[in-house]
Amino acid sequence: MERVITANWHVEQAYTLSVYQQHGGFKSLKKVFGMERGAVVPELIKSNLRGRGGAGFPVGAKWSFLPKGTDVPKYLVVNADEGEPGTFKDRFIMERDPHRLMEGCIIAGFTLGLKAAYIYVRGELVLATRRMEAAIAELYATGLLGKNILGSGLDFDIYVHRGAGAYICGEETALIESLEGKTGQPRLKPPFPAVVGVFGCPTVVNNVESIACVPLVIERGAEWWSAQGSEKNGGPKIVQVSGKVKRPGTYEVPNGISLRDVVFSDLYGGGPLDGRTIRGVIPGGTSCPVLRADQLDVKHDFDALKEKPFETMAGTSGVIVMDDTVCVVRIAARIARFYHHESCGQCTPCREGMGWVSKILDRIEAGGAKRAEVDQLLDIVNNIRGNTICPFGDAVGMSIGAYLRQFPEEFIAHVEQGRCTYPAW
Amino acid sequence: MFNPNATDIDGPILFSPENEKELDTLLQRYPYKRAALLPVLYMAQAQFGWLSPGVMAYVAQRLELPEGKVLQVASFYTMFDKKPAGRHKIEVCTSVPCCMMGGFAVVRHISEQLGIGVGETTADGRVTLLEAECLAGCGYAPLLQVNGEFHENLTPERIDALLATLR
């Protein structure tokens with residue numbers, strides 16, 4: 001299929017302003033400067049562009065929540081804290097096509113009357129940070145950032161802010177706390193960031209891919225964008241395939257593509273390694289409930305994956321594939337250890353519960369657990385779920401709970417045999 | 001109380017002239033000083049090597065924050081070194097999916113080659129070995145980062161070649 005979001009990924013030095021402009025860069029911004037300020041949000045709503053950071057919230061609707069006509073400064077915060085296991089797309093946008101992200105930021109700035117954008121980038125992504133800083137410097141030097149951009153009357157700044165190694169900062173209110181120089185502990189909502197966001201001001205928080213898509217929606221038009229996907233899931237998107245497949249990597253696909261195609265097609269994942277069969281697939285990063293190999297005939301979009309019997313999420317579109325050599329109990333234990341380590345510690349059910357879940361899962365995997373502990377595990381995760389400030393607790397409950405629901409026989413086998421029969425890592 | 005003669009790092013705890021300029025730039029980015037804490041901690045770590053109690057107290061003084069707030073933030077985030085690290089920091093991803101693609105074997109290999117465990121630094125201060133959570137390179141597993149650079153699709157030979165370059 002035609003590359004749209006990733007069109008520049010294989011263009012030499014597309015991260016420089018001159019090459020980006022040779023490939024049509026900043027045409028959308030100029031188009032927007034010629035449009036009515038109020039025309040962009042309806043266009044985004046019509047395009048069905050949905051947030052690419054995991055939750056899939058419609059971007060146009062999110063922008064429309066920002067209060068109009070207030071005197072307080074308003075901000076865009078770009079969530080570039082890519083850290084959901086299985087996710088590796090925003091990094092490439094930032095490394096290879098940073099100007100597209102900047103163009104999206106400036107369009108948001110003009111449309112919503114913003115003072116500045118802060119790009120909160122994961123601390124580990126050093127090259128991405130360097131490329132974005134270089135891109136921003138080029139934009140100031142050429143009058144595309146700063147005062148009165150291209151004579152439009154817009155004053156707008158973009159700053160890169162590095163995170164420092166905390167998964168929870170991918171949650172938007174934790175990210176805002178972190179941007180304010182605090183520990184990344186999520187806030188209670190409401191108030192939502194659109195009302196009280198960073199520095200106490202109205203703030204729109206969007207994922208990197210979401211913002212990078214904005215110039216493309218303007219360029220191609222809302223109708224084109226909407227037609228690329230399934231119902232209410234507009235546009236092409238980037239899926240990432242990892243784990244036990246022949247062709248791991250990033251692929252641009254139409255929204256709503258069959259998950260089976262993502263895993264098996266020779267254009268994408270390429271299917272299992274020779275002589276192996278697929279056992280389970282996580283459709284959108286480790287927070288999403290796992291699917292069994294017989295559940296892959298489903299549209300990969302924000303709505304279809306939610307339905308019964310799948311009851312999972314499209315998340316970040318990070319598709320993780322496990323084959324028959326992989327112990328799913330050990331995967332659950334590894335994910336639990338991750339969550340235990342990354343719990344911000346604010347809410348007791350998550351902070352304490354994840355420690356218990358992690359210990360019990362390790363014990364089950366090692367073969368030293370009693371049958372009753374399998375049931376106890378479900379009880380604990382169900383008590384974390386819904387009882388925490390942020391969705392981290394829900395994600396824990398749903399993802400760990402799904403291993404128990406989808407592969408109960410594996411847990412029982414570990415208990416009954418008193419050991420794990422899969423190859424060691 | 002901040003003591004510029006603190007002995008927990010070599011030399012006086014004062015920002016270099018270049019970092020003083022950088023501090024001015026950073027402070028202009030945010031509506032108030034506290035918001036600059038993460039970038040200033042990074043800057044301090046780069047200059048002094050690690051965030052010793054003396055360095056954290058200095059940062060607190062410069063940003064007009066209670067020392068406890070600086071310690072709280074420095075200890076929340078894993079990328080701030082609260083003890084001296086080696087000249088090269090190797091971080092091996094062992095998250096899902098790297099764990100099923102040989103991430104732990106990479107950790108074991110490096111550990112054997114260097115004679116150190118995870119979280120430890122070689123006696124000569126050359127290398128610190130760490131396990132990292134998802135480094136956003138899942139399609140190219142197993143992988144590691146050293147000093148912020150990615151090394152992907154690792155094999156024992158590639159790891160050995162990399163280790164030989166770390167002086």
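The values are calculated or read from the model by the stated rules, or taken from the named source; none is laboratory data. Just so it is clear, the structure is predicted and the values come from calculations on it, not from any experiment. When we count neighbours, we look across all protein chains shown, and the Cβ atoms used for this are built from the backbone with ideal geometry, even at glycine. These accessible areas exclude ligands, DNA and RNA; they are computed on the full protein's heavy atoms, side chains included. Shrake-Rupley method; radii C 1.70, N 1.55, O 1.52, S 1.80 Å.
Calculated from DSSP H runs of 4 or more alone, at -39500 (n - 2.57) each and per residue, what is the 222 nm mean residue ellipticity of chain A, nearest 500?
-12000 deg cm²/dmol
Which semi-axes, in whole Å and largest first, does the equivalent ellipsoid of region A:227-354 have when worked out from the alpha carbon gyration tensor as the square roots of 5 times its eigenvalues?
25, 19, 12
Debye sum, Cα scatterers, region B:88-165, no solvent: what log₁₀ I/I(0) at q = 0.12, 0.16, 0.20, 0.26 1/Å?
Taking Cα atoms of region B:88-165 as identical point scatterers yields -0.27, -0.48, -0.77, -1.32.
Shielding by partners for A:314-326, please: the mean number of other protein chain Cβ atoms within 10 Å of each residue's Cβ.
Average neighbour count from other chains, rounded to a whole number: 2.
Give me the percent relative contact order of region A:236-323, please, defined on Cα pairs under 8 angstrom at least 6 residues apart.
34
Going by a 1.4 Å probe on protein heavy atoms, which residues of region B:125-153 end up with at least 10 Å² less accessible surface in the whole assembly than in their chain alone?
Those residues are B:Glu131, B:Glu133, B:Cys134, B:Leu135, B:Ala136, B:Cys138, B:Gly139, B:Tyr140, B:Gln145, B:Gly148, B:Phe150, B:Glu152.
For region A:388-425 and region A:176-213, write down the distance between their C-alpha centroids in whole Å.
What the calculation gives is 32 Å, centre to centre.
Roll a 1.4 Å probe over the protein chains and send me the accessible area per residue for chain A in Å².
About 36 Å² of surface per residue is accessible.
When every alpha-carbon pair in region B:17-76 is counted, what percent end up more than 17 Å apart?
For region B:17-76, the fraction of Cα-Cα distances above 17 Å is 30 percent.
Equivalent-ellipsoid semi-axes (√(5λ), Cα gyration tensor) for chain B, whole Å, largest first?
Equivalent-ellipsoid dimensions as semi-axes: 34, 18, 13 Å.
Could you run the Karplus curve 6.51 cos²θ - 1.76 cosθ + 1.60 with θ = phi - 60° over region A:389-404 and give me ³J(HN,Hα) per residue in whole Hz, x for Gly and Pro?
Couplings: 5, 10, x, 3, x, 5, 4, 4, x, 6, 6, 5, x, 5, 5, 5 Hz.
Quick one: check the C-alpha center-to-center distance for region A:83-135 versus region A:248-265, whole angstrom.
24
Counting only residues 5 or more places away or on other chains, whose amide H sits under 5 Å from the amide H of A:Leu291 once H atoms are built in the peptide plane?
A:Val281, A:Ile282
What are the lysines whose alpha-carbon lies under 21 Å from the alpha-carbon of A:Lys31, with same-chain residues fewer than 8 places away excluded?
Correct list for A:Lys31: A:Lys46, A:Lys115, A:Lys147.
On a C-alpha basis, how far is the centre of region A:3-28 from the centre of region B:81-97 in Å? Whole number, if you could?
Measuring centre to centre over Cα atoms gives 34 Å.
Beyond a 23 Å Cα-Cα separation, which of these cross-linked pairs lie in this structure: A:Lys68/A:Lys182; A:Lys237/A:Lys306; A:Lys74/A:Lys189?
Check vs 23 Å cut-off fails for A:Lys68/A:Lys182.
Using amide H atoms built in the peptide plane, which far-off residues or other-chain residues are under 5 Å from B:Val127 H to H?
Residues meeting the amide H criterion: B:Arg87, B:His88, B:Thr122.
Based on alpha-carbon atoms only, what is the radius of gyration of region A:295-425 relative to the globular estimate 2.2 N^0.38 Å?
Against the compact-globule rule of thumb, the ratio is 1.06.
For region B:88-165, report the accessible area per residue in Å² (1.4 Å probe, heavy atoms, rounded to an integer).
36
List, largest first, the extents of the alpha carbons of region A:1-130 along their principal axes, each in whole Å.
41, 33, 29
Counting only helical runs of four or more DSSP H residues, what would the 222 nm mean residue ellipticity of chain B come to if each run contributes -39,500 (n - 2.57) and the total is spread over all its residues?
-12000 deg cm²/dmol
About the Cα centre of the protein assembly as shown, what is the dipole size in debye to 20, counting +1 per Lys and Arg Cβ and -1 per Asp and Glu Cβ, all else neutral?
700
Counting residues in region A:17-227 as N, plug N into 2.2 N^0.38 Å and put the Cα Rg over that result.
0.94
Just to be sure I understand: if you take the accessible area of chain A alone plus chain B alone and subtract the pair, with a 1.4 Å probe, what total do you get in Å², rounded to 100?
In total, chains A and B hide about 3900 Å² from solvent.
So for chain A, averaging the separation of alpha carbon pairs under 8 Å that are six or more residues apart and normalising by length, what relative contact order in percent results?
16
State the Kirkwood hydrodynamic radius of chain A in Å, one decimal place, computed from all pairs of distinct Cα atoms.
22.2 Å is the Kirkwood radius here.
Once you place label points 7 Å from the Cα toward the Cβ at B:Thr155 and B:Arg87, how far apart are they in nm?
Between B:Thr155 and B:Arg87, the simple spin-label model gives 2.9 nm.
Suppose we compare each residue of region A:401-425 in its chain alone and in the full protein complex with a 1.4 Å probe; which ones drop by at least 50 Å² of accessible area?
A:Trp425
Hey, what do the phi angles of region A:171-187 turn into as Karplus ³J(HN,Hα) couplings, whole Hz, using 6.51/-1.76/1.60 and θ = phi - 60°, x for Gly and Pro?
After applying 6.51 cos²θ - 1.76 cosθ + 1.60, I find 6, 4, 7, 5, 4, 5, 4, 5, 5, 8, x, 10, 5, x, 10, x, 9 Hz.
Carbon-plus-sulfur fraction of the accessible area of the protein assembly as shown, 1.4 Å probe, in percent?
Roughly 52 percent of what the probe reaches on the protein assembly as shown is carbon or sulfur.
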